[in-house]
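See below for the structure under consideration.
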Amino acid sequence: MSRKFNQNYTYNPKKDLSSSEIAKGVLNADTNILSQAITLSESKNKEDRSLVYSALSKLPLNKHKSFKIGVTGSPGVGKSTFIESFGKHLSALGISVAVLTVDPSSNLNGGSILGDKTRMEELSNLPNVFIRPSPSKGELGGVTEQSYESILLCEKAGFDVIIVETVGVGQSETHVKHLVDFFLLLILAGAGDELQGIKRGIMELADGILITKSDGENKINAKNAKKNYQNAIHLFPNKENKWTPKVQTCSSIENKGILEIWELIKDFKSACTENKWINRNRTKQDVFWFNQKLNQFIKEDFFSNSNTLNKVKQIEKDVKEKKLDPFTAAAKIFEDEP
């Protein structure tokens with residue numbers, strides 16, 4: 001039976017949270033505190049993020065592991081509509097669900113709409129569901145720089161399933177694979193993707209392919225697309241997890257195919273738990289994110305030095321004035337002053 005979450009949709013952030021308050025709130029599944037913790041982890045302020053890291057260190061190691069599902073697909077494929085139908089199905093089964101979505105940020109001002117709670121209004125009102133949109137801030141790979149922390153916080157809060165919806169910008173949605181157990185690729189039939197979608201980059205990562213909007217006049221297109229993708233899958237090399245990806249169709253509006261995709265995911269979980277791939281993969285992911293965070297912290301530490309910043313600005317000026325080429329200029333940053 002899923003645990004009860006202290007859901008509070010009248011968002012009233014408390015100022016100056018301590019790391020102990022964050023740890024206690026997350027441990028007690030207080031989604032108000034959880035939201036604030038994720039906000040702090042996404043802050044540009046190093047002290048805010050340190051507060052969250054300190055809170056995480058206070059949380060006990062437990063045997064609970066959330067099952068993590070990545071959902072990707074091109075804009076317009078119906079990711080939010082599918083996630084709402086899928087999340088409602090899980091919620092009705094007594095399964096608690098955290099939905100972490102990534103909205104594209106403007107290249108001009110860095111702003112994001114963050115409208116997923118509006119798009120998933122029915123889902124967001126369920127008592128055992130938590131939805132948290134985050135801005136991509138220009139990060140590649142379909143997720144944010146702090147997605148790992150957000151997932152870890154939700155896992156510590158005790159959610160049974162965590163769904164990560166990527167920004168959906170194309171074939172570069174690869175970082176999400178380092179965050180999840182099951183990777184679901186959504187494809188819209190009849191949109192011209194069938195044969196180019198033998199898009200090796202993203203297709204080889206998918207554990208399941210879902211043809212969306214399989215209703216009305218699009219049913220025939222969906223049926224043909226399913227056949228094309230099933231044939232294409234056999235052209236790819238065997239996956240490390242020994243799982244052969246399956247192709248299914250669904251209509252989120254008519255609520256058809258939702259039960260079947262959950263049964264598929266359960267089959268995957270059972271098979272990849274039995275062959276111990278899930279545990280091995282999670283260990284690999286931890287190492288991957290250790291290196292990602294190490295690179296992030298090294299870069300932040302490097303640019304926190306005022307002398308370094310001044311040197312960078314001066315050399316950047318030399319590049320603008322054509323006194324140095326970019327490669328020589330970059331190497332010059334690391335040269336000792338004469």
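The values are calculated or read from the model by the stated rules, or taken from the named source; none is laboratory data. Remember, predicted model here, so these are calculated numbers, not experimental data. Backbone-built Cβ (ideal geometry, glycine too); neighbour counts: all protein chains shown.
Every residue, every condition in (1) outside any loop (DSSP other than H, G, I, E, B); (2) modelled with pLDDT of 90 or more; (3) in contact with a Leu (Cβ under 9 Å, 6 or more places away or on another chain), yes or no:
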residue: 112; (1), (2), (3): no, no, no
residue: 133; (1), (2), (3): yes, no, yes
residue: 140; (1), (2), (3): no, no, no
residue: 152; (1), (2), (3): yes, yes, yes
residue: 155; (1), (2), (3): yes, yes, no
residue: 163; (1), (2), (3): yes, yes, yes
residue: 177; (1), (2), (3): yes, no, yes
Taking the criterion of being touching a helix residue (DSSP H, G or I) at 6+ places or on another chain (Cβ under 7 Å), in contact (Cβ under 8 Å) with a residue 40 or more places away in the chain and either on the phi > 0 side of the Ramachandran plot or not hydroxyl-bearing (Ser, Thr, Tyr) (or both), would at least one residue in the range 295-314 satisfy it?
yes
Residue 230 fails exactly one of the following numbered conditions: (1) at pLDDT below 95; (2) in contact with a helix residue (DSSP H, G or I) (Cβ under 8 Å, 6 or more places away or on another chain). What is the number of that condition?
(2)
In the range 208-260, how many residues are over 23 Å from residue 70 (Cβ atoms) and of a type in the set (D, E, K, R)?
6
Suppose we filter 309, 324, 235, 294 for residues that are farther than 30 Å from residue 91 by Cβ, over 27 Å from the mean Cα position of the chain (by Cα), in a helix (DSSP H, G or I) and not acidic (Asp, Glu); which single one remains?
309
Only helices (runs of 4 or more DSSP H) wholly contained in the range 1-89 count here; list those with 1 or more residues that are at pLDDT below 90 and out of contact with any Cys (no Cβ under 8 Å at 6 or more places or on another chain).
46-58
Which one of the conditions (1) within 18 Å of the chain's Cα centre (by Cα); (2) under 30 Å from residue 208 (Cβ atoms) does residue 64 fail to meet, given that it meets all the rest?
(1)
Filtering the range 294-323 down to residues that are among the basic types (Lys, Arg) and either closer than 30 Å to residue 50 by Cβ or exposed (fewer than 11 other Cβ atoms within 10 Å of the Cβ) (or both), which residue is modelled with the lowest pLDDT?
299
Collect the residues in the range 315-338 that are among the charged types (D, E, K, R), under 30 Å from residue 45 (Cβ atoms) and touching a helix residue (DSSP H, G or I) at 6+ places or on another chain (Cβ under 8 Å), keeping them in residue-number order.
316
Residue by residue through the range 31-69, note down the ones that are surrounded by 23 or more Cβ atoms within 10 Å (Cβ to Cβ), of a type in the set (Gly, Ala, Ser) and farther than 13 Å from residue 98 by Cβ.
41, 55
So which pairs qualify, if the first residue must be in the range 21-42 and more than 15 Å from residue 129 (Cβ to Cβ), the second must be of a type in the set (Ser, Thr, Tyr) and at pLDDT below 95, the Cβ gap must be under 6 Å, and the two must be at least 6 apart or on different chains?
38/150
What single numbered condition from (1) surrounded by 14 or more Cβ atoms within 10 Å (Cβ to Cβ); (2) assigned by TED's automatic domain parsing to the domain that holds residue 152; (3) under 23 Å from the mean Cα position of the chain (by Cα); (4) of a type in the set (Lys, Arg) fails to hold for residue 256?
(3)
Hey, any hits in the range 224-232 for a residue that's free of Cβ contacts under 8 Å to residues at least 12 places away in the same chain and either part of a strand (DSSP E or B) or over 26 Å from residue 87 (Cα atoms) (or both)?
yes
